[in-house]
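The next block holds one structure in the form of structure tokens; read it before the comments.
The values are calculated or read from the model by the stated rules, or taken from the named source; none is laboratory data. Since we're looking at a predicted model, the values are computed, not measured. FYI the Cβ positions are ideal-geometry reconstructions off the backbone, even for glycines, and counts take in every protein chain you see. Heads up: the accessible areas ignore ligands, DNA and RNA and are worked out on the full protein's heavy atoms, side chains in. Shrake-Rupley method; radii C 1.70, N 1.55, O 1.52, S 1.80 Å.
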Amino acid sequence: MQEDVRYMALIPGHHNRWREVRKAVGTGPIIYWMSRDQRLEDNWALFHAWVRAREAGRPMGVVFCLTPRYSLAGPRHYRFMIHGLQEMVAKAQNMGMPFFILRGDPVRTLPPFLEEWKISLTVTDFDPLREKGQWMEAVMERSECDFEEVDAHNIVPCWQASPKQEFSAATFRPKVRLHLPEYMPHLPPRPGKFHRWPGEVPNADLDSALKELGDRPDDRWVGGETEAHRVMRDFANSGLQGYASQRNDPNLNAQSSLSPYLHFGMVSAQRVAVEVDASSAPPSDKDAFLEELIIRRELSDNFCHYNPLYDSTEGFPAWSRVSLREHLDDRREHLYTLEELEAGRTHDPLWNAAQVQMVREGKMHGWLRMYWAKKILEWTEGPDQALRTVNELNDRYEMDGRDPNGYVGAAWSIGGVHDRAWGERPIFGKVRYMNLNGARRKFDVDLFVSRFSDHPDR
Ligand code: FAD
Ligand code: FO1
């Protein structure tokens with residue numbers, strides 16, 4: 001048995017995916033504190049906790065701390081997430097794996113749980129955003145067990161891909177490509193046998209959580225691993241063809257719509273990459289998609305992990321900070337309040353339609369997000385206010401918001417992060433500019449506007 005266990009710890013792709021955060025001595029059960037990677041399939045953090053439990057001959061379980069106020073998440077996001085939790089709880093029961101739902105902030109609920117069950121090791125999923133970092137720090141201060149962190153979100157673990165903040169996709173791409181053969185082909189095996197948990201596992205009353213936090217019917221978004229896998233397979237089998245040439249047309253349904261599932265970790269990006277790689281779509285479509293899924297997405301984690309100012313203009317590169325400052329006093333032809341923007345009441349029909357798409361559908365088309373954010377720079381008093389506004393609206397309304405991709409998308413649009421300097425213009429300085437005429441050259445703007453003219457609150 002011991003031999004098997006040692007072999008499992010040496011599974012290809014596992015090595016270097018985890019790191020020790022704190023070492024302690026204890027003999028109690030082991031938990032996986034799940035937060036960013038909300039799935040039981042293809043989850044390296046779950047696998048790691050299970051390997052540790054098998055090695056030590058101890059019980060293991062999964063804990064999810066369901067906090068009622070995460071960033072600007074609303075009922076639609078909670079409903080989506082809780083559907084996923086319900087599915088996991090049922091599945092874990094069939095696997096014989098305890099799954100605990102703690103209601104409330106992890107800083108308040110997790111330390112007493114660790115104490116009560118004499119937990120020896122907490123394994124958690126890596127997350128570059130400050131909320132999780134602060135949770136971890138506070139939980140560690142209030143407890144005594146070991147802590148280990150596993151990057152279950154990126155195909156190449158963030159700290160393996162690069163030890164520093166990367167300048168652009170061009171500098172990051174070769175580093176990731178170097179490691180891909182080591183990580184991409186090896187998915188984690190599914191955990192099998194479990195030692196008996198030393199007590200009763202309470203019923204995870206998620207129906208009441210759904211009523212309290214997610215009480216808003218939504219026929220568009222269904223959360224959970226099953227649905228995430230269905231969306232992924234449909235896309236790999238039939239949606240991927242034409243991705244390279246059509247993905248930037250907001251009137252076509254050429255994107256995968258996987259971002260909410262990836263954000264909540266309901267599907268592993270590694271699994272998506274493997275499925276897409278194996279599909280019969282043309283190589284140019286696969287390459288274009290994998291560039292977004294792997295390079296651009298993992299570059300966002302790189303930025304947020306190494307730059308604590310990821311959602312501040314102070315985190316912008318020096319060239320754009322200087323340039324934007326030089327244009328602070330430029331005349332703004334239109335200035336809108338947050339309320340006017342939120343309601344989609346500007347003079348620009350395309351911008352209003354993009355805003356309506358986000359509020360109504362919970363997902364704005366990818367190309368429009370750039371245009372939408374850049375116009376907010378043009379119509380607010382300066383880059384600080386613009387960045388705050390973009391992040392606030394993005395986090396409040398996007399199903400995939402509250403994510404490194406969102407903070408980096410906003411910083412790219414307003415502060416030229418990962419971009420280069422362009423020709424000098426009013427307000428934007430050297431930051432890349434976009435306008436309505438450019439949009440008209442790309443797609444049928446009037447058609448898009450006609451589809452999204454009704455704001456749900458009007
Ligand atoms: P697809 O085109 O099918 O792409 C597949 C996956 O690749 C996406 O799910 C995503 O994980 C990744 N990806 C695609 N484009 C990018 C990109 N530019 N940067 C990083 N990863 C990318 N993405 C989010 O996930 N959450 C956000 O909150 C978010 N906010 C954004 C805000 C702004 C201002 C901008 C400019 C971009 C933002 N993006 C965000 C990036 C991108 O627009 C979305 O990831 C994409 O539109 C999601 O739709 P999809 O899954 O159908 O994309
Ligand atoms: N993580 C948790 O551990 N508990 C939660 O209750 C929780 C709520 C939540 C709501 C919306 C959302 O977008 C994310 C949420 N997350 C929660 C965090 C999430 O899983 C990620 O860790 C972060 O969004 C960063 O990637």
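Points worth noting:
- For Arg17, the conditions (1) touching a strand residue (DSSP E or B) at 6+ places or on another chain (Cβ under 8 Å); (2) under 30 Å from Arg220 (Cβ atoms); (3) of a type outside the set (A, V, I, L, M, F, W, C) all hold with the exception of (2).
- The set of residues from the stretch 71-109 being at pLDDT 95 or above, surrounded by fewer than 20 Cβ atoms within 10 Å (Cβ to Cβ) and among the hydroxyl-bearing types (Ser, Thr, Tyr) comprises just one member, Thr109.
- Of the residues making up the stretch 213-251, just one is open to solvent by 70 Å² or more (accessible area, probe 1.4 Å), in contact (Cβ under 8 Å) with a residue 60 or more places away in the chain and under 23 Å from Phe448 (Cβ atoms), namely Arg220.
- If you check Glu166, Glu227, Glu212 for being outside the structural domain of Ser120 (by TED's automatic domain parsing), closer than 28 Å to Met88 by Cα and within 20 Å of the chain's Cα centre (by Cα), only one passes: Glu227.
- Annotation: Glu144 fulfils all but one of (1) closer than 27 Å to Asp277 by Cβ; (2) modelled with pLDDT under 95; the unmet one is (1).
- Top-ranked residue in the stretch 262-296 [being within 8 Å of ligand 1 (Cβ to nearest atom) and closer than 16 Å to Lys363 by Cβ; ranked as nearest to the chain's Cα centre (by Cα)]: His263
- Failed item, numbered, when Thr346 is tested on (1) outside the structural domain of Asp395 (by TED's automatic domain parsing); (2) among the β-branched types (Val, Ile, Thr); (3) open to solvent by 10 Å² or more (accessible area, probe 1.4 Å): (1)
- Checklist (1) open to solvent by 40 Å² or more (accessible area, probe 1.4 Å); (2) part of a loop (DSSP other than H, G, I, E, B); (3) touching a helix residue (DSSP H, G or I) at 6+ places or on another chain (Cβ under 9 Å) applied to Pro191, failing item: (1)
- Selection count, the stretch 133-167, where residues are open to solvent by 40 Å² or more (accessible area, probe 1.4 Å) and part of a loop (DSSP other than H, G, I, E, B): 6
- Helices (runs of 4 or more DSSP H) lying entirely in the stretch 311-403 (those with 3 or more residues that are within 16 Å of ligand 2 (Cβ to nearest atom)): 383-397
- Out of Arg396, Arg388, sole residue that is among the basic types (Lys, Arg), under 26 Å from Phe80 (Cβ atoms) and in contact (Cβ under 8 Å) with a residue 60 or more places away in the chain: Arg396
- In the stretch 111-132, residue surrounded by the fewest Cβ atoms within 10 Å (Cβ to Cβ) [restricted to those that are within 23 Å of Tyr70 (Cβ to Cβ) and of a type in the set (Val, Ile, Thr)]: Thr122
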